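Report on one structure; see the data block that follows.
The values are calculated or read from the model by the stated rules, or taken from the named source; none is laboratory data. Quick caveat: nothing in here was measured; it's all calculated off a predicted structure. Because the Cβ atoms are built from the backbone with ideal geometry, glycine has one as well, and the counts that use them run over all protein chains shown. We work out accessible area using only protein heavy atoms, side chains counted, and drop any ligands, DNA or RNA first. Shrake-Rupley method; radii C 1.70, N 1.55, O 1.52, S 1.80 Å.
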Amino acid sequence: MMMKFIFGLFAVLFSFSLMAQKEDSVTIKKIADEILTNGGAYENLRFLCKKIGPRLSGSAGAQKAVQATARMLKEAGADTVYMQPCMVPHWVRGEKEIGFIQLAGGKKYNLKLCSLGNSIGTGKKGVSAGVIEVKSFAELDALGTTVVKGKIVFLNFPMNPTYVETFRAYGESGIARWNGPSMAAKYGAVATMVRSMASNPDDYPHTGVMKYNDSFPKIPAVAISTNDAIWLSKQLKLRMAPLTAYIQNTSAMLPDAPSFNVVGEIRGTEFPTEYITVGGHLDSWDLAEGANDDGTGCMQSIEVLRALKAAGIKPKRTIRAVMFMNEENGGRGGEKYLELALANKEKHVFALESDDGGFTPRGFSFDVKDDQFQKLLQWKDLFYNYGVYFFNRGGSGADVEELNKAGAGLAGFVPDSQRYFDIHHAVTDVFENVSRRELHLGAVNMTALIYLVDKYGL
Ligand SMILES: [Zn+2]
């Protein structure tokens with residue numbers, strides 16, 4: 001009798017979960033059909049890229065983007081749209097950088113270069129010095145002050161091509177850009193040239209943030225294109241002696257400037273004080289349109305709200321689409337969002353960030369507890385038809401990664417990463433390099449995940 005009862009209970013539970021799965025797959029199909037037919041992310045992105053363009057923190061472009069996305073969130077059907085004021089670093093590039101290698105017979109090799117974000121400038125006079133190449137910090141340490149003092153250090157840390165996951169290579173080689181200038185300054189270098197963080201050889205300097213260590217002098221830091229780095233390395237090897245380089249940049253850090261995160265909400269019907277966040281970062285580097293970094297993540301997040309509304313889904317919990325300010329050179333928007341969440345004692349259930357580009361969806365990366373991950377895994381098959389085939393454990397996104405302090409499970413949207421570092425932080429990060437289909441398919445998967453987390457909790 002008892003066995004029969006248990007079997008019966010199993011059958012009921014099993015058929016219930018099958019029914020729930022069926023119901024969810026129907027709803028997700030509805031979401032997908034809506035976005036793939038009427039999706040608005042691509043046209044919003046066109047506006048952001050072509051009518052506004054670069055949006056570095058503290059710039060006029062960033063302020064225009066705040067206003068534009070507030071409007072987009074309203075049009076998407078958010079019940080409430082508001083701004084969270086925050087102070088941001090205000091770095092400016094100044095005039096177009098100049099740099100060359102002095103060759104024999106008075107000839108020059110002009111470098112394709114740009115200042116790294118947060119770098120000080122050389123001033124109009126520029127800096128001229130011998131170039132020393134290093135391929136690791138261990139090599140730099142070994143050379144020490146005797147060799148490095150008075151030189152321009154060329155940090156040649158190629159992204160490892162054998163890593164299929166390009167972000168892994170970026171994480172490893174990126175230390176040259178983040179820490180390299182201060183590591184070189186420690187031994188008396190007068191400036192640094194960093195090989196661009198790009199997966200393929202190209203002719204574009206890729207900028208990005210660097211951070212000064214206050215223990216050492218601040219020295220100017222520029223990125224040179226991968227092709228120039230390859231050329232320079234070869235020249236230094238051939239000549240077996242330092243070549244002289246000249247760098248001129250006028251970048252500068254100004255006082256902090258006022259800016260905003262932009263938040264759009266759909267208020268929850270059952271648990272309005274429980275929050276689910278979906279976002280990207282609104283600021284972008286100044287060299288291009290910030291299309292894939294991170295216009296796509298912002299526009300997809302707005303699309304999540306629009307699609308839920310358009311598909312007639314009334315979320316139980318409050319869903320927030322958040323445009324975070326200043327991810328690129330400070331992270332102040334993410335900090336402000338967390339600060340307010342804690343100060344207001346908000347209950348955060350889940351936060352999803354899209355900041356790896358608007359490419360073809362591949363998976364999600366979760367930073368959650370064990371039981372939460374088991375729950376998420378039960379939904380994985382629902383995504384298969386829409387191109388998402390893995391749910392991994394790992395990082396989320398720079399703007400949400402500390403929201404677990406407010407109780408949230410965290411996730412990052414993971415699109416295909418092969419082309420991301422062709423355009424990352426370079427002039428090539430433009431609207432034309434985003435596919436409407438890929439962008440919208442990403443939004444489909446993001447909306448489906450938000451729908452499931454909202455319906456069942458985490
Ligand atoms: Zn980004």
If you check Val349, Val388, which single one turns out to be away from the ligand (no atom under 13 Å from the Cβ), assigned to a strand (DSSP E or B) and either open to solvent by less than 30 Å² (accessible area, probe 1.4 Å) or hydroxyl-bearing (Ser, Thr, Tyr) (or both)? Val349
Looking at (1) of a type in the set (A, V, I, L, M, F, W, C); (2) farther than 17 Å from His424 by Cβ; (3) touching a helix residue (DSSP H, G or I) at 6+ places or on another chain (Cβ under 8 Å), find the lone condition where Ile152 falls short. (3)
Of the residues in the range 261-274 that are surrounded by 24 or more Cβ atoms within 10 Å (Cβ to Cβ) and of a type outside the set (Val, Ile, Thr), the one that is nearest to the ligand (Cβ to nearest atom) is Asn261
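Condition check ((1) buried (at least 24 other Cβ atoms within 10 Å of the Cβ); (2) within 16 Å of the ligand (Cβ to nearest atom)) across all residues:
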| position | (1), (2) |
| --- | --- |
| Asn249 | yes, no |
| Ala252 | no, no |
| Pro258 | no, no |
| Thr277 | yes, no |
| Leu282 | yes, yes |
| Leu287 | no, yes |
| Ala291 | yes, yes |
| Asp294 | yes, yes |
| Met299 | yes, yes |
When you scan the range 401-457, how many residues do you find that are more than 19 Å from the chain's Cα centre (by Cα), crowded, with 20+ Cβ neighbours inside 10 Å and in a loop (DSSP other than H, G, I, E, B)? 1
Take the residues in the range 334-346 that are away from the ligand (no atom under 12 Å from the Cβ) and small (Gly, Ala, Ser), then tell me which one is surrounded by the most Cβ atoms within 10 Å (Cβ to Cβ). Ala341
Hey, among Glu303, Glu265, Glu328, Glu289, which residue is of a type outside the set (Phe, Trp, Tyr), part of a strand (DSSP E or B) and modelled with pLDDT of 95 or more? Glu265
Out of Thr122, Thr146, report the one residue that is open to solvent by 70 Å² or more (accessible area, probe 1.4 Å), closer than 30 Å to Leu236 by Cβ and not aliphatic (A, V, I, L, M). Thr146
Output for the range 361-381, where each listed residue is in contact with an Asp or Glu (Cβ under 9 Å, 6 or more places away or on another chain) and more than 26 Å from Val434 (Cβ to Cβ): Asp367, Trp379
Given the options Phe383, Phe373, name the one that is at negative phi, more than 16 Å from the ligand (Cβ to nearest atom) and surrounded by 19 or more Cβ atoms within 10 Å (Cβ to Cβ). Phe383
